[in-house]
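Asks: Input: one structure, supplied below.
The values are calculated or read from the model by the stated rules, or taken from the named source; none is laboratory data. Computed from a prediction, not measured in an experiment: that's the story for all the values here. When we count neighbours, we look across all protein chains shown, and the Cβ atoms used for this are built from the backbone with ideal geometry, even at glycine.
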Amino acid sequence: MVPVTFQLVYYYKILYTVFMQNLSKNQVLGIMERYQNDPQQLIAVLLDIQAASGINCVEKQWAELTSDVLNVPLSKIFDVLTFYAMFGTEPRGEFVVEICRSTPCCFTRAEDLVKWFEAAAGIKMGETTKNGKITLIYSSCVGMCEIGPVVKIGDDVFGHLTEEKVKVLVKCCQEGNRQELLSQCQN
């Protein structure tokens, strides 16, 4: 018998593949052309592909196309995609919540932060909510130790977090309320 968690992840991927295939080959080529097909712009190209994907990841077919067009070995593309926490190679939620697990954040209750986010979102680290809104992942230091523990949601960093603030952040993400989410930001 296949575990239920595996089945849900499997069906989630199928649904995204069938219904959320928003990106076309021409769009990906257009992204690379904006950077003059310059291999030195690999990270920027991959970030734009991921942002345009509709599923918050760089799928294998687009990594392969990028490799061909920019003349960069596919192994280097996947080195970049798997090294940086900001990239995903599997569908992720609309809001990727990156919880810092660097030493300074650990001293400022990062483990509590993980528990609070897991409880508020109803998922564990590395999982995505059933509605596809939130994915929880660990990240390396985001350079905002003075307001730790911190999380990064998209490009925004949130610090001095309490359990109540975490509940507000999760609610904003679940509702897709970016404006309210940004009002909670402490840069």
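Asks: Do we have any residue at all in segment 112-130 that's more than 18 Å from Val151 (Cα to Cα), in contact (Cβ under 8 Å) with a residue 12 or more places away in the chain, assigned by TED's automatic domain parsing to the domain that holds Val151 and not in a helix (DSSP H, G or I)?
Replies: yes
Asks: So, one more: Say we look at segment 117-135 and pick out the residues that are surrounded by fewer than 17 Cβ atoms within 10 Å (Cβ to Cβ) and on the phi > 0 side of the Ramachandran plot; which of these is modelled with the highest pLDDT?
Replies: It comes out as Gly122.
Asks: Can you pull out the residues in segment 64-80 that are surrounded by fewer than 21 Cβ atoms within 10 Å (Cβ to Cβ) and under 19 Å from the mean Cα position of the chain (by Cα)?
Replies: Within segment 64-80, Phe78, Asp79, Val80 qualify.
Asks: Testing Gly93 on (1) under 22 Å from Val45 (Cα atoms); (2) part of a loop (DSSP other than H, G, I, E, B); (3) among the small types (Gly, Ala, Ser); (4) out of contact with any Gly (no Cβ under 7 Å at 6 or more places or on another chain), one condition comes back false. Which one is that?
Replies: Of everything listed in (1) under 22 Å from Val45 (Cα atoms); (2) part of a loop (DSSP other than H, G, I, E, B); (3) among the small types (Gly, Ala, Ser); (4) out of contact with any Gly (no Cβ under 7 Å at 6 or more places or on another chain), Gly93 misses just condition (4).
Asks: Another one. Looking at segment 145-161 only, could you name the residues that are free of Cβ contacts under 8 Å to residues at least 24 places away in the same chain and over 16 Å from Asn56 (Cβ atoms)?
Replies: Kept after step one, since they are free of Cβ contacts under 8 Å to residues at least 24 places away in the same chain, are these residues of segment 145-161: 146, 155.
Scanning segment 145-161 gives a single hit, Glu146.
Asks: While we're here: Return yes when Ala85 is of a type outside the set (D, E, K, R) and at pLDDT below 90 and no when it is not. Can you show your working first?
Replies: On the way: of a type outside the set (D, E, K, R): yes; at pLDDT below 90: yes.
Yes: the conditions hold for Ala85.
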